[in-house]
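The values are calculated or read from the model by the stated rules, or taken from the named source; none is laboratory data. Quick caveat, the model's predicted, so the values are computed rather than measured. Using ideal geometry, Cβ is built from the backbone for each residue, glycine included, and neighbour counts are taken over all protein chains shown. Ligands, DNA and RNA are stripped out before the accessible areas are found, and what is left, the full protein with its side chains, is counted by its heavy atoms. Shrake-Rupley method; radii C 1.70, N 1.55, O 1.52, S 1.80 Å.
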Amino acid sequence: MTSSRFSVLLERNEQFAATEAKHDIPAIPFIPFRQLYLITCIDPRVEPAASLGLRLGEAVVARNVGGRVTPAVIKDLAWICHLHETKTPDADWFEVAIIHHTDCGSALLADEDLRHTFAARGGYDERTAADMAVLDPAVTVRADVARLRAAPELLPSSKHFAIGGYAYDLKTGLLTTVVPPS
């Protein structure tokens, strides 16, 4: 068998599997231990376990380009809300945290030529791609908090959970509250 970049992770997984940590997780249907639902970027520089000290089972983490609130993110959150309402109706509700960051690679979607060639190869359409760009995380996180709060799929549940928006600064490592949870 040839070695791959993933081999070291398989070794780490064996070490993890040999511990009891694998048993310290919420059961399905689950409420994460910290009752958090995070929406953040796929960028490996903003890994929530490292930057927030997040541990296994503490939060649901949704990651995509820019950490943007997309139709897919809304549908996933609607599913979690539905599960919560039907399977754990007496449990406390959770908080949603949207996190955007400085120096986000999604800012490259603001480049018209790059955006055009990406759309031509079957990526996002040009309007969607332009809207995905995180040029100023404080601005885009406000827009995404508003988008999530207005999502019709979430309106039946929205009175039960808080939504906040945050900006992560790659240079300082600090997370700043942009939109307080409410």
Pairs with Cβ under 9 Å, 6+ apart, first in the stretch 4-24 and surrounded by 10 or more Cβ atoms within 10 Å (Cβ to Cβ), second among the charged types (D, E, K, R): Phe16/Lys22; Ala21/Arg55; Asp24/Arg55
Every pair of residues 6+ apart whose Cβ atoms lie under 7 Å, when the first sits in the stretch 42-60 and is at positive phi while the second is in a strand (DSSP E or B): none
Subset of the stretch 143-182 (residues that are modelled with pLDDT of 95 or more and assigned to a loop (DSSP other than H, G, I, E, B)): Ala151, Asp169, Leu170, Lys171, Thr172, Gly173, Leu174, Pro180, Pro181
Residue in the stretch 103-120 that is in contact with a Cys (Cβ under 8 Å, 6 or more places away or on another chain) and either among the acidic types (Asp, Glu) or open to solvent by less than 20 Å² (accessible area, probe 1.4 Å) (or both) present: yes
Given (1) in a loop (DSSP other than H, G, I, E, B); (2) touching a strand residue (DSSP E or B) at 6+ places or on another chain (Cβ under 9 Å); (3) farther than 21 Å from Val179 by Cα, number of the condition Pro89 does not satisfy: (2)
Residue in the stretch 106-122 that is within 22 Å of Ala49 (Cα to Cα), at pLDDT 95 or above and assigned to a strand (DSSP E or B) present: no
Which numbered condition Arg45 fails, given (1) basic (Lys, Arg); (2) in a helix (DSSP H, G or I); (3) under 30 Å from Ala129 (Cβ atoms); (4) modelled with pLDDT under 95: (4)
